Amino acid sequence: NTNSELMESLMYIRKAIEIYPKNIQYRLLIAQIREKLFYASKLNFDERLAAINEYNEILNIDSTHSTALYNLGRLNSEYFLKFHNAEAKGPVNRALNPVTKNLMFRGKSSLAYDKQNEFDNTRGNFPTASYEKFAQEAFSESEKFLIKAMHYDPSNELIYQEISKINIFNGSPEKAISIWDAFIKKHSIGKSSHLYLGILFYLTHQYDKSLEEFERSINLMSSEERGNFTFNSALIILESELGDQIKIKSKTQLIEAISQLWQMKDPLILSRGNERLLEHYYRVAYANLFFGNSHIDLTGWNTDRGEILIRYGQPLNKVRYMQEIDDPKSSKPRTEVWDYGDKSFAFIDPMKNNSYQFAQPWTAIVPMNTHDEVISLRQTKPEEYYPKFDGPIFDLSYQSYQFASKNKSQTDIFLSYEINFSDSNTTKEKFADGYDVGLFMFDNNFNKKFESKKTVSSVDNTSDLSVNTLEMSLLPQSGNLAFEIERKKDKGVMAYHGKYNVKSFSGDELKISDVVLASEVETDQAINGAIKRNNISVLPNPTKSFSKNEQLFLYYEIYNLTKNTNKITDFEQKITIQKKEEGGVINSLLSVVGLDKEGKKISLTSKYQTQEKDPQMYLQLDMSKYKPGKYVITVTIKDNKTGKEISNQTEINWL
């Protein structure tokens with residue numbers, strides 16, 4: 001397959017065609033040789049056109065020849081991929097644009113806004129001409145030949161793959177899916193076709209079907225292919241996460257680390273699949289199908305463009321620049337620029353064979369230094385992902401509260417959330433079919449420590465608010481909490497994932513639970529959606545927002561008070577209310593209650609004696625005379641027997 005061997009082969013097949021000019025097999029062979037020559041050297045730039053001429057000659061002999069029709073469709077597809085979103089750029093005139101001039105000599109502009117607008121800067125003031133009209137002509141030609149080929153050879157799945165490719169690139173995946181439907185009913189398909197369908201379903205937001213297709217493709221891959229698709233491609237991200245540690249880990253450890261990586265980044269545990277892993281499959285499949293080149297043994301995920309796609313996904317904008325005269329001997333190769341808004345990347349194709357590489361200022365048509373910037377970004381921003389779900393994303397107010405458990409080694413955790421039906425994003429209509437809710441806790445290695453999933457079949461139609469509470473008991477630890485809701489009707493999603501620290505209430509030291517801001521407290525009477533602690537029901541207000549027309553309660557628990565000889569505790573409770581701003585409360589509050597010595601806080605002090613060393617405390621606050629604003633409420637408990645103090649606080653938004 002060297003250039004000289006291909007040229008010698010071409011000489012012999014030409015002689016054969018002179019003897020048998022209508023021999024289609026000979027003409028197919030010469031077309032294949034010409035295509036190989038095109039990729040063997042960039043000086044053979046006219047060989048692809050010669051291959052097209054050979055396929056047309058075959059059609060002159062047999063207009064129904066499906067192989068020639070397919071190859072003409074495929075080659076026109078390559079032209080479409082080359083010229084779609086492409087612009088011709090005249091020679092660089094450094095005097096035209098000072099920003100571009102800066103870029104030319106410094107790698108990037110020293111202007112403050114350059115990083116933000118680097119993509120726009122690539123356009124400069126150069127004369128440009130869009131190739132889009134030519135690209136769409138190539139698309140139409142490709143589609144025409146492929147549909148004819150499909151008519152004469154309906155069982156050739158390569159034809160369907162090529163139709164998929166041009167429709168994916170042209171932004172019309174639905175068209176390709178409809179073409180596949182009839183084929184799949186009659187034929188089984190291979191791993192590449194499953195990849196195409198995975199991409200098509202992903203682009204049309206059919207995520208469950210997309211995952212099924214990718215999994216089918218993976219199962220059909222060889223062990224080497226599967227290793228590249230699922231393991232080596234993930235190392236691109238994992239290497240940035242682990243740093244030098246990756247060098248000392250065994251393959252088994254790396255496989256486990258990759259599994260933890262995807263589990264950690266799963267945005268919706270309630271769903272059947274892992275949306276982040278699905279996005280990775282999509283990125284790898286797209287890179288393999290569009291950035292690879294079988295002629296030069298180039299695998300798409302392992303290219304520079306493949307790396308950026310795997311890390312950051314599809315760009316917001318993409319443009320390919322070519323010089324006004326696309327001379328294969330030109331010192332300025334085609335340059336592709338990807339824009340992500342906060343960052344841009346440039347790639348060059350020096351061999352004109354789709355083997356794009358990171359650009360440096362002196363190598364590309366546009367002077368961007370992607371080669372050096374990527375080195376930094378691999379560490380500072382190794383990857384980027386914005387979740388995609390079947391339905392819309394909505395928000396809810398929620399709070400977690402921690403108390404001592406009856407099992408002294410554990411902690412009781414309550415997570416309360418409020419659905420506000422007056423919000424347009426969370427109306428009763430959208431919750432009419434109920435919803436799934438899940439609460440999950442993982443340790444720092446993302447081993448699951450707790451899972452609770454349940455379905456709420458209906459919502460209360462008598463109120464504009466619905467408060468519900470989830471409960472779990474865990475050992476004290478740091479880890480990762482996930483709280484998720486998925487509506488049945490429209491697949492709307494609310495998901496919170498974040499670090500979480502479970503407190504310890506064990507031991508004999510004086511301790512206090514979290515402070516709950518509640519809208520209702522009842523003894524010996526259950527409240528729907530409330531926190532239930534012994535005989536007390538506490539209905540939290542997860543928004544922490546109250547007005548003077550609403551009841552405001554504080555609830556908390558004290559642990560390990562010391563009893564005197566009469567088996568009675570003696571403690572002092574101080575409630576401090578302070579404006580959440582430097583300098584303390586505002587003057588108009590001075591008339592409400594007394595001040596501390598600095599005149600910055602309002603304190604309410606009470607003394608208690610109880611028979612319980614772990615009393616449950618609640619009280620109602622009247623803030624009706626307070627001005628609207630954000631306040632910090634601090635509860636301080638002093639054990640008069642030991643002199644020890646403990647405190648906890650919460651914030652309130654007073655409306």
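Beyond 14 Å, how much of the Cα-Cα pair distribution for the stretch 216-284 remains, as a whole percent? Write out the running numbers ahead of the final one.
Working: 1459 of 2346 pairs.
Considering the stretch 216-284, 62 percent of its Cα-Cα pairs are separated by more than 14 Å.
Counting Lys and Arg as +1 and Asp and Glu as -1 over every other residue whose Cβ lies under 13 Å from the Cβ of SER155, the net charge comes to 0. Along its principal axes, the stretch 499-553 has C-alpha extents of 40, 29, 21 angstrom, given from the largest down.
What percent antiparallel are the DSSP beta bridges of the chain, to the nearest 5? Walk me through the numbers on the way to the answer.
Numbers: 109 of 116 bridges.
Percent antiparallel among DSSP bridges in the chain is about 95.
Going through the cross-link list LYS36/LYS251; LYS503/LYS532; LYS453/LYS580; LYS544/LYS625; LYS191/LYS449; LYS406/LYS638, which pairs have a Cα-Cα distance over 27 Å in this structure? Cα-Cα > 27 Å for LYS36/LYS251; LYS453/LYS580; LYS191/LYS449; rest within.
Quick one: net charge around THR230, please, counting Lys, Arg +1 and Asp, Glu -1 for every other residue with C-beta under 12 Å from its C-beta. Around THR230, the surrounding residues sum to -2.
Return one whole number: the accessible area per residue of the chain in Å², for a 1.4 Å probe. It would help to have the intermediate numbers written out before the result.
Details: 31350 Å² over 655 residues.
Heavy-atom SASA per residue in the chain reads 48 Å².
Average 1/r across all pairs of distinct alpha carbons in the stretch 124-187, invert it, and you get the Kirkwood radius: 13.1 Å. Could you run the Debye sum over the Cα atoms of the stretch 353-412, one equal point scatterer each and no solvent, and tell me log10 of I(q)/I(0) at q = 0.27, 0.28 Å⁻¹, two decimals? Debye curve over Cα of the stretch 353-412, log10 I(q)/I(0) at q = 0.27, 0.28 Å⁻¹: -1.13, -1.16. On a 0 to 90 degree scale, rounded to 10, what angle separates helix 207-220 from the longest Cα axis of the chain? Computed tilt is about 60 degrees.
Using a ≥ b ≥ c from the Cα gyration tensor of the stretch 408-566 (square roots of the eigenvalues), is it rounded, prolate or oblate, where a/c under 1.5 gives rounded and otherwise the larger of a/b and b/c decides, a/b for prolate? Oblate, since a/c reaches 1.5 and b/c is not below a/b. For LYS430, the aspartates and glutamates whose Cα falls under 19 Å of its own Cα, not counting residues fewer than eight places away in the same chain, are ASP390, ASP395, GLU418, ASP460, ASP464, GLU484, GLU486, ASP490.
Within the straight-line cut-off of under 18 Å between alpha carbons, the lysines reachable from LYS89 are LYS101, LYS133, LYS318, LYS329, LYS332, LYS352, sequence neighbours fewer than 8 places apart in one chain being disregarded. Accessible surface ranking for HIS205, HIS187, 1.4 angstrom probe, highest first: HIS205, HIS187.
Working from Cα pairs under 8 Å separated by at least six residues, relative contact order for the stretch 334-430 is 15 percent. Just to be sure I understand the curve: with the Debye formula and one point per C-alpha of the stretch 444-486, what is log10 I(q)/I(0) at q = 0.34 Å⁻¹? For the requested q values the scattering log ratios are -1.50. Dividing the summed -39500 (n - 2.57) terms of all DSSP H runs of n ≥ 4 by the residue count of the chain sets its mean residue ellipticity at 222 nm at -11000 deg cm²/dmol. Per residue, the average separation of C-alpha pairs within less than 8 Å and at least 6 apart gives the chain a relative contact order of 8 percent. Hey, what angle do you get for helix 370-380 against the long axis of the chain, alpha-carbon based, 0 to 90 degrees rounded to 10? So the helix axis and the longest Cα principal axis differ by about 30 degrees.
Relative contact order (percent) for the stretch 417-472, with alpha-carbon contacts under 8 angstrom and 6 or more residues of separation? Please list the in-between numbers first.
Numbers: 73 pairs, mean separation 23.6, N = 56.
With pairs under 8 Å counted, the relative contact order is 42 percent.
With K and R counted +1 and D and E -1, the other residues having a Cβ less than 14 Å from that of LYS191 yield a net charge of -4. So which lysines pass the test for LYS185, namely a Cα distance under 30 Å, with those fewer than 8 places away in the same chain ruled out? Cross-link targets: LYS144, LYS148, LYS165, LYS175, LYS209, LYS388, LYS491.
Distance between the modelled labels on LYS563 and ASN56, one decimal in nanometres: 10.2 nm (7 Å Cα→Cβ projection).
So how tilted is helix 173-186 from the main axis of the chain? Cα-based, degrees 0 to 90, rounded to 10. The two axes meet at around 80 degrees.
Order the following by accessible area, largest value first: GLU429, GLU520, GLU451. Probe radius 1.4 Å; ligands, DNA and RNA are ignored. Please report the intermediate quantities before stating the final value.
Working: GLU429 110, GLU520 65, GLU451 85 Å².
Result, largest first: GLU429, GLU451, GLU520.
Across the stretch 235-369 the C-alpha pair distances fall into 10 Å bins from zero in the proportions 11, 33, 33, 17, 6, 1 percent. Is the stretch 471-535 best put as rounded, prolate or oblate by its Cα gyration tensor, with a ≥ b ≥ c the root eigenvalues, rounded for a/c under 1.5, and otherwise prolate when a/b is larger than b/c, oblate when not? It is oblate, given that a/c is not under 1.5 and a/b is not larger than b/c.
Each eigenvalue of the Cα gyration tensor of the chain, multiplied by 5 and square-rooted, gives one semi-axis; in descending order these are 66, 28, 23 Å.
Given the peptides 290-301, 365-376, 523-534, arrange them by the average over their residues of other C-beta atoms within 10 Å, most packed first.
Working: 290-301: 16.2, 365-376: 20.0, 523-534: 14.0.
Top to bottom by mean Cβ count within 10 Å: 365-376, 290-301, 523-534.
Sorting 308-315, 553-560, 541-548 by their mean Cβ neighbour count within 10 Å, with the most densely packed peptide first, gives 553-560, 308-315, 541-548.
Using a simple spin-label model with pseudo-atoms 7 Å out from Cα toward Cβ, HIS205 and PHE450 lie 3.4 nm apart. Compute the Cα gyration tensor for the stretch 312-402, then decide on rounded, prolate or oblate, letting a ≥ b ≥ c be the square roots of its eigenvalues: rounded whenever a/c is under 1.5, prolate when a/b is larger than b/c in the other cases, and oblate in all that remain. Because a/c hits 1.5 or more and a/b exceeds b/c, the stretch 312-402 counts as prolate.
The values are calculated or read from the model by the stated rules, or taken from the named source; none is laboratory data. Owing to the predicted nature of the structure, the values given are computational and were not obtained by experimental measurement. Heads up, the Cβs are rebuilt from the backbone with ideal geometry, glycines too, and the neighbour counts pull from every protein chain shown. Ligands, DNA and RNA are stripped out before the accessible areas are found, and what is left, the full protein with its side chains, is counted by its heavy atoms. Shrake-Rupley method; radii C 1.70, N 1.55, O 1.52, S 1.80 Å.
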